[in-house]
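Below is one structure, written out as structure tokens; comments come after it.
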Amino acid sequence: MRLFGTLIKRLLQIILIPVVAVIIWMYINDATLATRIISLALTGSGGPEQSVAGSALPAIPVADKSQTISREAIQAALTYGETTGSHALLVYQNGALQLEHYFPGYDANSVTSTASMHKSVLGLLIGIAIDQGHIESVDEPASRYLSEWANDERAAITIKQLLRQTSGIDFPTFSFNPTGGFFQFMLGEDITGITLSQQQWAAPGTRFDYNNVGPQALGIILQRATGQNYANYLSKNLWKKIGADDATVQIDAEATGMARTFCCINATARSWLRVGLLHIQEGRFNGTQVVPQEWISEMTQPGTFEPNYGYLTWLGTEYKPEQRYNRKGSAVVPHSEPYAAEDVVYFDGFGGQRMYAIPSLNMVIVRTGDISMDWDDAYLPNTLIRGLQTR
């Protein structure tokens, strides 16, 4: 027993000594980044946040006895939600909530970090800013707002190419260097600096390559073009107008930091439902045109190089058994079958954070929850579409 104890002690020393050494090295190189990495690992918090104020508008109607989706389809959806670690599952159809379900430990006030679903919100905001005259058009060079790109090949990148993810801009990927480019981009104090330092790897407008740098550049453009803090602009021009609950966005530095616009809106499932309603109501909410109708149409047009992508928003245009994101990563999302409707629009957040909007069926589906690495993008919408009793 004494020998066993000695062996365990030795193993712990072998493991802990290099770990402690790495932590000390991280603190010496970048104390703030080191603190955020450790905080993320221990608590799930990756840095400071800024409030996005919502407002109180009439509640979404709840279906009475005239349910439009079969009990069998609803139960299948709930079972899938449970097996994938969901927090919330909301289904809206034909003008009313057909399902609002929260899994154990969660309720209507629960906030979930929904990763890249933020990109699609940013896409809506760009359309609003163009309508307000802050940005001239999608065909403008991004360098009109990003002077850092004005004197090299990046000067040719247009706002449309950033929206389409065809800008040809490079992006940092994961590495085991805790103070390297990837962690600086995700958790560091200067998101603007690292975003605008990324170089060109392909000619603009020649291929699709989904990444986080393009959307972050668009967030910087939006803030510079409007002269307004990003969180405040989001609150005033979208969040309050749809009656969403208060939310937060992650920022790179305390108080006056830049929002990470490629990810990290922490919001309730009900808020995502309200955003989704804009896509089936041609940009209107509660009788008000929140997003221009023409922009909703434009942002959901299939791209030339990726027919399943519009403006920072995914589409169900072309069936692919696996949807790949970019040239650097190996991540794919399985689609077990084609979508049962031709006009599916969806927000994609890492690990199964989803909002599906199906305008032709007046349907919105929201799922938030734990990261599900085997998420099937076809199962939930197809199950509920096939369960419609009024088709």
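The values are calculated or read from the model by the stated rules, or taken from the named source; none is laboratory data. Computed from a predicted structure; not experimentally measured. We place every Cβ from the backbone using ideal geometry, glycine too, and count neighbours over all the protein chains shown.
Worth pointing out:
- Scanning segment 318-343 for residues that are free of Cβ contacts under 8 Å to residues at least 24 places away in the same chain and within 25 Å of ASN362 (Cβ to Cβ) yields GLU318, TYR319.
- Selected residue (criterion: surrounded by the most Cβ atoms within 10 Å (Cβ to Cβ)) from residues of segment 254-312 that are on the phi > 0 side of the Ramachandran plot and in contact with a helix residue (DSSP H, G or I) (Cβ under 7 Å, 6 or more places away or on another chain): LEU312
- Within segment 222-264, the set of residues being at pLDDT below 95 and among the charged types (D, E, K, R) comprises ASP252, GLU254.
- Counting only residues that are at pLDDT 95 or above and crowded, with 19+ Cβ neighbours inside 10 Å, segment 104-128 holds 13 of them.
- Selection from segment 316-334 of residues that are crowded, with 16+ Cβ neighbours inside 10 Å and in contact with a strand residue (DSSP E or B) (Cβ under 6 Å, 6 or more places away or on another chain): GLN323, VAL333
- Of the residues making up segment 196-206, not a single one is assigned to a helix (DSSP H, G or I), within 17 Å of the chain's Cα centre (by Cα) and among the hydrophobic types (A, V, I, L, M, F, W, C).
- Being at positive phi, modelled with pLDDT of 95 or more and buried (at least 17 other Cβ atoms within 10 Å of the Cβ) is a description that does not apply to GLY219.
- Residues (surrounded by fewer than 18 Cβ atoms within 10 Å (Cβ to Cβ) and touching a Ser or Thr at 6+ places or on another chain (Cβ under 8 Å)) located in segment 83-95: GLY85, ASN94
- Condition check for ILE15: loosely packed, with under 14 Cβ neighbours inside 10 Å, outside the structural domain of ASN362 (by TED's automatic domain parsing) and at pLDDT below 95: yes
- Here ARG367 does not qualify as in contact (Cβ under 8 Å) with a residue 24 or more places away in the chain and touching an Asp or Glu at 6+ places or on another chain (Cβ under 6 Å).
- Among the strands (runs of 3 or more DSSP E) confined to segment 303-369, the ones with at least 2 residues that are among the β-branched types (Val, Ile, Thr) and more than 22 Å from PHE103 (Cα to Cα) are located at 332-334.
- Selection from segment 235-274 of residues that are touching a residue at least 40 places away in the same chain (Cβ under 8 Å) and assigned to a helix (DSSP H, G or I): SER235, ASN237, LEU238, TRP239, ALA269, ARG270, SER271, TRP272, LEU273, ARG274
- Residue in segment 325-347 that is within 17 Å of LEU273 (Cβ to Cβ), touching a helix residue (DSSP H, G or I) at 6+ places or on another chain (Cβ under 8 Å), assigned by TED's automatic domain parsing to the domain that holds GLN216 and not aromatic (Phe, Trp, Tyr) present: yes
- Residues located in segment 237-254, provided they are in contact with a Ser or Thr (Cβ under 6 Å, 6 or more places away or on another chain) and among the acidic types (Asp, Glu): ASP245
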